[in-house]
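The block underneath contains the structure these notes are about, expressed in structure tokens.
The values are calculated or read from the model by the stated rules, or taken from the named source; none is laboratory data. The model shown is predicted, which means the values in this text are computed figures rather than measured ones. Every residue, glycine among them, receives a Cβ derived from its backbone with ideal geometry; neighbour counts consider all protein chains shown. Surface areas here come from the heavy atoms of the whole protein model, side chains and all, with no ligands, DNA or RNA. Shrake-Rupley method; radii C 1.70, N 1.55, O 1.52, S 1.80 Å.
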Amino acid sequence: MSELRELADRFDVVLKNKNLEKYTYTLSKSEKQEMNVEGGEFKLMRTVFNNNASLSVWLGTKVGSVGGNDLSGEALEKLADDGIAAAQSADEDPCHDFGPDQGKDVFWQGVREPDMDLFLERVKEFLAAVAKEFPKVKVMMAMASYDRWNWISRNTNGTEFEGFGGQYSFVIEISAGEGDKTTGIDGAGFTTKDLSKPFMEMGDIRQHLIDLQNSIDTKSVEGKFEGTVILTPGCASQFISMIVSNYMGDGVIINGTSQWLDKVGEKVADEKLTIALNPFDERIVMGERGTQDGYRSEAVTLIDKGILKMHRLGLYGSKKTGRPLVKNSGWDLVVEPGDQSLEELIASVDKGLIMGSFSGGHPGANGEFSGVAKNSFLIENGKVKHAVSETMVSGNLGEAVKRIRGISKEQLIDGSTVVPYIAMDGILISGK
């Protein structure tokens, strides 16, 4: 029996002694073996342990949720009392609930025993490769960690899920400069269970280094025009997150402000676009196995060849609206690739941008967005011309996904998402 399972058994006794008829909780223990590099030198190597407990308690139709990071007997006793107090002060709402009995299961994911010697060698290899191949780029910070954890989740309907997992993570902060000219700070990273490839070839690390080195000299975009924006995979993930939140999420469906409120089964995007949340995709290192609502996680397709298949409603949103529940609360994003290479997408653009990231406020209820294009490059007559500065982009999310020029064959696989480049027409680009 695992140590965490023994703690869960003791917590069950505590909760039953409080005469609680309905509750759900998750306990977890994690270990991080971390290496930090600053200015090309190893500055820190340490192991950090962390505990976590979360509990939701029902008193009739009132629910109270609390959490903490102490798993001692005294702390769990207090957590139960705090949960009761939180429920007593909550508003009545019969829509708060969790799923029926899902049975018992144990999930094993990722890599359980790390090869820290090889991990260290891969970090050193990466730093040497940057110095050789990208002399204008400075690795300001690199954090390499192996994370291992065990979690257990139980509820009074009988569900018991326990998970064991481990993964390697690598994150960098980089800048570039030449003479008096410098870039801003950029970042990239990935998670993996496989150390067989150099880190330079993982995720989109190399592309970030290339783009940053090419961003030392920037020029302003002249004037204002409507053009094509090619979203890098990282930026595409940003936009898809905004689309899901603005048109499919619990909040906008519950309050009725979604412009896709009654569009399930209808075409809402170009037929080239298919968006799924798939925690079981072999390219996802640590996909979700149990949802926040106490269900077994399922792979779901939100948009299939442009057709809206479902809203992304959790149990509360489903009960509140009477609409179907989605048994997936993670962000294991998988976007289907297209039939064009990135080079072909660029060649098809008369005037526009490759946009590395977007900095702006949350879109309005109507889908209107506006913000700054970061880490971006001007395209003219099918050629990448130069890095740009002080460039604004604006448009409408709903219209943009209907005007998809193309989707790349290439996909970013970073251990958490699988996303291609996406080119969208009709975006307003504003320079000086």
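For the range 422-432, the set of residues classified as assigned to a strand (DSSP E or B) and open to solvent by less than 30 Å² (accessible area, probe 1.4 Å) consists of 422, 423, 424, 426, 427, 429, 430, listed by residue number.
Under 7 Å between Cβ atoms, which residue pairs at least 6 apart in sequence (or on different chains) link something in the range 26-52 that is farther than 30 Å from residue 7 by Cα with a partner that is open to solvent by 70 Å² or more (accessible area, probe 1.4 Å)? Qualifying pairs under 7 Å: 35/42; 35/45; 36/43; 37/43.
Among the numbered conditions (1) buried (at least 16 other Cβ atoms within 10 Å of the Cβ); (2) in a loop (DSSP other than H, G, I, E, B), the only one that residue 257 does not meet is (1). In the range 1-12, the residues that are within 16 Å of residue 30 (Cα to Cα) reach residues that are modelled with pLDDT of 95 or more and in a loop (DSSP other than H, G, I, E, B) with C-beta atoms within less than 9 angstrom, at least six apart or across chains, in these pairs: 4/71; 7/71. Does residue 66 meet the test of being open to solvent by less than 50 Å² (accessible area, probe 1.4 Å), more than 20 Å from residue 160 (Cα to Cα), among the β-branched types (Val, Ile, Thr) and in a strand (DSSP E or B)? No; evaluated as a whole, the condition is false for this residue. Which of the residues spanning the range 314-324 are open to solvent by 50 Å² or more (accessible area, probe 1.4 Å), in contact (Cβ under 8 Å) with a residue 12 or more places away in the chain and assigned to a loop (DSSP other than H, G, I, E, B)? Matches in the range 314-324: 323, 324. Selection of first residues in the range 249-278 that are in contact (Cβ under 8 Å) with a residue 12 or more places away in the chain and of second residues that are surrounded by fewer than 15 Cβ atoms within 10 Å (Cβ to Cβ) and among the small types (Gly, Ala, Ser), restricted to Cβ pairs under 6 Å at least 6 apart or on distinct chains, gives the following pairs, ordered by first then second residue: 257/365.
Whenever a residue of the range 88-109 is at positive phi, its partners that are part of a loop (DSSP other than H, G, I, E, B) and modelled with pLDDT of 95 or more, lying with C-beta atoms within less than 8 angstrom and at least six residues away or across chains, give the pairs 103/158; 103/159.
Does residue 83 fit the bill of being part of a helix (DSSP H, G or I) and touching a Phe, Trp or Tyr at 6+ places or on another chain (Cβ under 8 Å)?
Details: part of a helix (DSSP H, G or I): yes; touching a Phe, Trp or Tyr at 6+ places or on another chain (Cβ under 8 Å): yes.
Yes: the conditions hold for residue 83.
Pairing residues of the range 191-207 that are at positive phi with residues that are assigned to a loop (DSSP other than H, G, I, E, B) and surrounded by 16 or more Cβ atoms within 10 Å (Cβ to Cβ), at Cβ distances under 9 Å and at least 6 apart in sequence or on separate chains, gives 203/414; 203/415.
Just checking, which of 98, 42, 49 is farther than 30 Å from residue 319 by Cβ, open to solvent by less than 80 Å² (accessible area, probe 1.4 Å) and touching a strand residue (DSSP E or B) at 6+ places or on another chain (Cβ under 8 Å)?
On the way: 98 fails: farther than 30 Å from residue 319 by Cβ; 49 fails: open to solvent by less than 80 Å² (accessible area, probe 1.4 Å).
Within the list 98, 42, 49, the selection yields 42.
Within the range 150-157, is even one residue of a type outside the set (S, T, N, Q), within 30 Å of residue 173 (Cβ to Cβ) and open to solvent by 30 Å² or more (accessible area, probe 1.4 Å)? Within the range 150-157, one or more residues are of a type outside the set (S, T, N, Q), within 30 Å of residue 173 (Cβ to Cβ) and open to solvent by 30 Å² or more (accessible area, probe 1.4 Å). Using the structure shown, decide if residue 37 is under 25 Å from the mean Cα position of the chain (by Cα), open to solvent by less than 50 Å² (accessible area, probe 1.4 Å) and within 30 Å of residue 210 (Cβ to Cβ). Taking the combined requirement at face value, the residue satisfies it.
Filtering the range 243-254 to residues that are in contact with a Gly (Cβ under 9 Å, 6 or more places away or on another chain) and either of a type in the set (S, T, N, Q) or part of a helix (DSSP H, G or I) (or both) leaves 243, 245, 246, 247, 250, 251, 253, 254.
Select, from 294, 287, the only residue that is more than 17 Å from the chain's Cα centre (by Cα), buried (at least 19 other Cβ atoms within 10 Å of the Cβ) and part of a loop (DSSP other than H, G, I, E, B).
Numbers: 287 fails: more than 17 Å from the chain's Cα centre (by Cα).
From the options 294, 287, the qualifying one is 294.
Residue count for the range 104-138 satisfying the condition of being in a helix (DSSP H, G or I), under 25 Å from residue 287 (Cα atoms) and open to solvent by 30 Å² or more (accessible area, probe 1.4 Å): 3. Say we look at the range 162-194 and pick out the residues that are surrounded by 16 or more Cβ atoms within 10 Å (Cβ to Cβ) and not in a strand (DSSP E or B); which of these is modelled with the highest pLDDT? Among those that are surrounded by 16 or more Cβ atoms within 10 Å (Cβ to Cβ) and not in a strand (DSSP E or B), it is 193.
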